[in-house]
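The values are calculated or read from the model by the stated rules, or taken from the named source; none is laboratory data. Keep in mind that this is a model prediction, so the values were computed, not measured. FYI the Cβ positions are ideal-geometry reconstructions off the backbone, even for glycines, and counts take in every protein chain you see. Please note that ligands, DNA and RNA were not included when accessible areas were found on the heavy atoms of the full protein model with its side chains. Shrake-Rupley method; radii C 1.70, N 1.55, O 1.52, S 1.80 Å.
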Amino acid sequence: MKLKEMLIGLEGLKVKGDLEIEVKGLTSHSKEIKEGDLFVAIKGFSVDGHQYIEDAIKLGATAVIIEEGCDLKAFKIPEKVTVIMAKNTREALAITSCNFYGNPSRKFKLIGVTGTKGKTTTTFMIKEILEKAGKKVGLVGTIATYINGRKMQDSDRTTPESLELQQLFSKMVKEGVEVVVMEVSSQSLKLHRVAGCEFDVVLFTNFSEDHISPNEHPNMQDYFQSKLKLFEMCKTGIVNTDDLQGAKIPKLFPNNNITTYGIDNYANVLAKDITITNSYVDFKVKLTERNERVKTCIPGRFSVYNSLAAICVAQKFGIEAEKIKEALLEVRVPGRSELVDNPLEIPIMIDYAHSPESLENILQAVKSYTRGRVISVFGCGGDRDSGKRPVMGEISGRIADYTIITSDNPRTEEPKKIIDQIQEGIRKTKGKYSVVVDRAEAIRYAIKMANKRDIIVLAGKGHEPYQEINGEKYPFDERVIVRKIIETLRGKVG
């Protein structure tokens, strides 16, 4: 593709060199450069790609995009190499990627789901409904990428970098995908990962404190404003009217076509007569022309909200009521209120809850239907918002009957320091608790103290099959660990 064609949609560029050259590929990683490629230099949080411009040229880059404000004379760039200066090279990478891969998001319907909680479950519900209706579906999100029912790869972030995303979209087009449903994180919106994508429907689940850290969002206003960018990219939206921030969106975007859903406040799609048990929720909602009873086997009030969101999307696609009901009954989401079958018949739930509000939601949900004790096992991730640690400690101490504080992806931080901060919060309550730094041992401790009437909530890791410590990811699948512990305990009993 000609370089000038890759730059369509980018404004305010300054160019030195030939725009008629043919470009064979593009990347922002200098080591991946091949002869005839475009190199896009990005200033990252820890590494500045501008330092590797000369390396990229040595490997064969015939054009480079650099950020406005850089001193061009500081780089030894040969005359034959075309140099483009852009206002924002992250945005430039996204737009050039879209153009290079033929703007694949124009060739299917694209649904974007944002919000603090519920993105993953909601996207899985939407995927299930669309597939039940016979659509060919792609899914991009926190857990993995799926194409036409096949899991293609695990994910290392909620929304991929722009180049990888366009590569995935291009593959989906080749495989005949008709609809793509994608989790869109606030970080991806802030860092232009989805720039150039053409959304057909966007959805806002809810908003609460999370992702406030030096490498994410400086404050809640920035976090919210980042999410709102999705509604600037698409006129057709769906929002949760029971959410304080979500309820503001229709007024903030008066020219958009926005559908609302909820339980407590007036909404276009409203749930009534709700039943919540330890294994499912069901409720009444108007599907097409009449009220229908809908059931999903993911317990908790939040499952009603996620189901309503998925129903709103389904109605946009004209999907019949029976297909919606069948899909919601059958959907299962890894690491989201996931019960682990075990021969001891102890209820053990794995959930991704890793923010104050999500931990409170899951603990309150299980508390409402558990006859025995709620045993909470959780920690907080390192190198992330430290302010939420005492808050989560206080929440668990207040709601759970017993809390085991442990590690959860400490990354480069000292696990004990994180745990000490959690303890600051739990000491404000009368909640009983123990500290077991090793997460596997913490799970063992919980299982040994539990009986069939209790429920153990393993919160924070959900679908993640690893524990991240000092830059290394070590295998840590809680389903596997639970089963191994129970096998050992049964062996000793036997």
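Some values worked out for this structure:
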{"quantity": "Euclidean distance of C-alpha centroids, the stretch 40-82 and the stretch 447-471, integer Å", "calculated": "45 Å"}
{"quantity": "Coil-residue GluC sites (Glu not before Pro) of the stretch 292-356, DSSP, other Cβ within 10 Å capped at 16", "calculated": "320, 345"}
{"quantity": "Sulfur and carbon atoms: percent of accessible area, the stretch 297-433 [1.4 Å]", "calculated": "47 percent"}
{"quantity": "Computed magnitude of the charge dipole of the stretch 376-447 (debye, nearest 20; Cβ of K, R +1, Cβ of D, E -1)", "calculated": "240 debye"}
{"quantity": "Within the stretch 34-71, GluC sites (Glu not before Pro) in DSSP loop having at most 12 other beta-carbon neighbours inside 10 Å", "calculated": "35, 68"}
{"quantity": "Stokes-Einstein translational diffusion, the stretch 21-133 - Kirkwood Rh over all Cα pairs, 1.002 mPa s, 20 °C, in µm²/s", "calculated": "132 µm²/s"}
{"quantity": "Separation of alpha-carbon centers, the stretch 139-174 and the stretch 348-422, rounded to whole Å", "calculated": "30 Å"}
{"quantity": "Mean residue ellipticity (222 nm) of the chain, computed from DSSP H runs ≥ 4 via -39,500 (n - 2.57), nearest 500", "calculated": "-10000 deg cm²/dmol"}
{"quantity": "Alpha carbon convex hull of the chain, volume per residue in cubic angstrom", "calculated": "158 Å³"}
{"quantity": "Charge dipole (debye, nearest 20) of the stretch 101-239; +1 at Cβ of Lys and Arg, -1 at Cβ of Asp and Glu", "calculated": "500 debye"}
{"quantity": "For the stretch 47-182, size of Cβ-based charge dipole, Lys and Arg +1, Asp and Glu -1, in debye", "calculated": "700 debye"}
{"quantity": "Solvent exposure of the chain as accessible area per residue, Å², 1.4 Å probe", "calculated": "44 Å²"}
{"quantity": "Computed E for residue 156/residue 232 - FRET, C-beta separation, R0 30 angstrom, nearest 0.05", "calculated": "0.65"}
{"quantity": "Mean-position separation - Cα centroids, the stretch 214-286 and the stretch 300-342, in angstrom", "calculated": "16 Å"}
{"quantity": "Within-13-Å neighbourhood charge of residue 483 [Cβ basis; K, R +1; D, E -1]", "calculated": "0"}
{"quantity": "Viscosity 1.567 mPa s, temperature 4 °C, Stokes-Einstein D of the stretch 233-369 from Kirkwood C-alpha radius, µm²/s", "calculated": "80 µm²/s"}
{"quantity": "10 Å Cβ shell holding at most 14 others, DSSP loop, trypsin sites (Lys or Arg not before Pro): longest site-free stretch of the chain", "calculated": "158-331"}
